[in-house]
Amino acid sequence: MSFVLLLAPSEEKIPNISIQSLEGKDPEVIFNFLQDLYLPKDMDSSTSEMLFKHRVNVYKEFLDEVRVCIFNQDLKLLKKLTSKTSFNDNAMDELVGSLNLSLQKAILLYKGVAFKAIDYESLPKPSQEYIDSHVLIFSNLFGIVRASDKLPYYKLTQNASLLKKVYKPYLSLELDYDFIVDLRAGVYKNLIKTKGVLIDFNFYKDSKPVSHYSKHFRGLLLRLLSLEDITSLSSLDAFLTSLDSNLCFLDKKEEEKKIVYNFKV
């Protein structure tokens with residue numbers, strides 16, 4: 001049974017300890033890693049080439065903006081890229097760090113609330129391999145990537161116009177799996193069509209929906225699923241409906257091609 005788990009990224013990232021400036025490097029060296037990033041299955045060669053060129057153009061535009069921001073001390077561009085309003089040491093470190101050739105696993109690049117809950121490095125190897133094989137992350141810069149795909153550090157604030165540009169080619173594509181576990185935040189949910197049974201989640205505290213901190217529980221769910229090695233709809237349902245501690249199962253609602261699980265936290 002084919003399945004995939006979808007995860008939103010975080011703006012907070014962990015800079016790579018190994019710094020290798022891309023300045024002065026051949027474009028082929030700078031953009032080569034983009035050829036290895038995730039492509040939806042059964043994609044024909046012309047579409048895959050189109051998506052590669054799109055990723056190159058988006059990344060090139062980002063790098064050019066970072067350079068302009070640094071050399072012109074452009075405050076408007078700084079706010080667009082980093083949300084910061086002054087060129088303090090931290091802002092400059094983030095900008096310079098974005099001009100870096102060094103790569104690391106996508107799942108290790110992000111350090112937001114959900115990724116802290118996943119705590120990938122503390123997982124046993126089989127659980128790490130589960131995440132590497134089955135998790136897709138919706139990057140704000142590179143589009144859909146595997147958890148195991150290698151990415152450079154980048155600092156980029158998420159916004160609607162940015163996502164519209166990055167994900168434009170994906171609007172005509174689809175993720176085709178038997179079931180899809182959707183752990184994304186709402187802003188990422190309509191960036192590509194899905195085919196198969198969609199599994200979604202709601203979290204409630206004191207009978208009220210949990211908003212920002214739902215990221216923690218989505219990350220926690222992913223961690224638990226990897227530890228249980230869930231690979232089928234029946235095992236997923238059995239596991240989710242049995243939860244009664246940090247995540248307490250309330251009920252589920254089934255529609256055509258969609259199941260929503262509700263939890264008390």
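Residues in the range 84-111 that are free of Cβ contacts under 8 Å to residues at least 24 places away in the same chain and of a type in the set (A, V, I, L, M): how many?
Here the count works out to 2.
From the list Val113, Val135, Val145, which one is out of contact with any Leu (no Cβ under 8 Å at 6 or more places or on another chain), among the β-branched types (Val, Ile, Thr), surrounded by 16 or more Cβ atoms within 10 Å (Cβ to Cβ) and closer than 13 Å to Ala8 by Cβ? Reasoning before the result, please.
On the way: Val135 fails: out of contact with any Leu (no Cβ under 8 Å at 6 or more places or on another chain); Val145 fails: out of contact with any Leu (no Cβ under 8 Å at 6 or more places or on another chain).
So the residue among Val113, Val135, Val145 that is out of contact with any Leu (no Cβ under 8 Å at 6 or more places or on another chain), among the β-branched types (Val, Ile, Thr), surrounded by 16 or more Cβ atoms within 10 Å (Cβ to Cβ) and closer than 13 Å to Ala8 by Cβ is Val113.
Any residue in the range 227-234 that is more than 16 Å from Val113 (Cβ to Cβ), in contact with a Leu (Cβ under 9 Å, 6 or more places away or on another chain), outside any strand (DSSP E or B) and open to solvent by less than 50 Å² (accessible area, probe 1.4 Å)?
Looking for residues that are more than 16 Å from Val113 (Cβ to Cβ), in contact with a Leu (Cβ under 9 Å, 6 or more places away or on another chain), outside any strand (DSSP E or B) and open to solvent by less than 50 Å² (accessible area, probe 1.4 Å), one finds at least one in the range 227-234, hence yes.
So for the range 159-171 (the condition being surrounded by fewer than 20 Cβ atoms within 10 Å (Cβ to Cβ), charged (D, E, K, R) and under 22 Å from Val113 (Cβ atoms)), does at least one residue qualify?
No, the range 159-171 contains no residue that is surrounded by fewer than 20 Cβ atoms within 10 Å (Cβ to Cβ), charged (D, E, K, R) and under 22 Å from Val113 (Cβ atoms).
So how many residues does the range 156-192 have that are closer than 23 Å to Met1 by Cα and in contact with a Leu (Cβ under 7 Å, 6 or more places away or on another chain)?
7
Would it be correct to say that Ile180 is out of contact with any helix residue (DSSP H, G or I) (no Cβ under 9 Å at 6 or more places or on another chain), part of a strand (DSSP E or B) and either among the polar types (S, T, N, Q) or buried (at least 18 other Cβ atoms within 10 Å of the Cβ) (or both)?
Working: out of contact with any helix residue (DSSP H, G or I) (no Cβ under 9 Å at 6 or more places or on another chain): yes; part of a strand (DSSP E or B): yes; either among the polar types (S, T, N, Q) or buried (at least 18 other Cβ atoms within 10 Å of the Cβ) (or both): yes.
Here the answer is yes, as Ile180 does meet what is asked.
Being of a type in the set (Ser, Thr, Tyr) and part of a strand (DSSP E or B) is the filter here; which residues of the range 235-262 pass it? So that I can check it myself, show each step before the final result.
We begin by selecting, within the range 235-262, every residue of a type in the set (Ser, Thr, Tyr); these are 235, 241-242, 245, 261.
Within the range 235-262, Tyr261 is the sole residue that qualifies.
Anything in the range 18-62 that is touching a residue at least 60 places away in the same chain (Cβ under 8 Å), open to solvent by 80 Å² or more (accessible area, probe 1.4 Å) and assigned to a loop (DSSP other than H, G, I, E, B)? List them, or say none.
Ile19, Gln20, Lys25, Lys41, Asp42
Return yes or no: is Phe201 at pLDDT 95 or above, open to solvent by 40 Å² or more (accessible area, probe 1.4 Å) and in a strand (DSSP E or B)?
Working: at pLDDT 95 or above: yes; open to solvent by 40 Å² or more (accessible area, probe 1.4 Å): no; in a strand (DSSP E or B): yes.
Taking the combined requirement at face value, the residue does not satisfy it.
Are there any pairs, at least 6 apart or on different chains, whose C-beta atoms fall under 8 Å, with the first in the range 229-244 and touching a residue at least 24 places away in the same chain (Cβ under 8 Å) and the second among the hydroxyl-bearing types (Ser, Thr, Tyr) and part of a helix (DSSP H, G or I), and if so, which?
Short answer, once both residue conditions are applied: Asp229/Ser127; Asp229/Tyr130.
Would you please list the contacts, defined by Cβ atoms under 6 Å and residues six or more apart or on different chains, that run from a residue in the range 112-125 that is within 19 Å of Leu6 (Cβ to Cβ) to a residue that is buried (at least 16 other Cβ atoms within 10 Å of the Cβ) and of a type in the set (A, V, I, L, M)?
Ala117/Leu220; Ile118/Leu222; Tyr120/Ile107
The values are calculated or read from the model by the stated rules, or taken from the named source; none is laboratory data. Predicted model, so just to flag it, every value in this text is computed and none were measured. Virtual Cβ from ideal backbone geometry, glycine too; neighbours counted across all protein chains shown. Accessible surface is based on the protein model in full, side chains and every heavy atom, while ligands, DNA and RNA are left aside. Shrake-Rupley method; radii C 1.70, N 1.55, O 1.52, S 1.80 Å.
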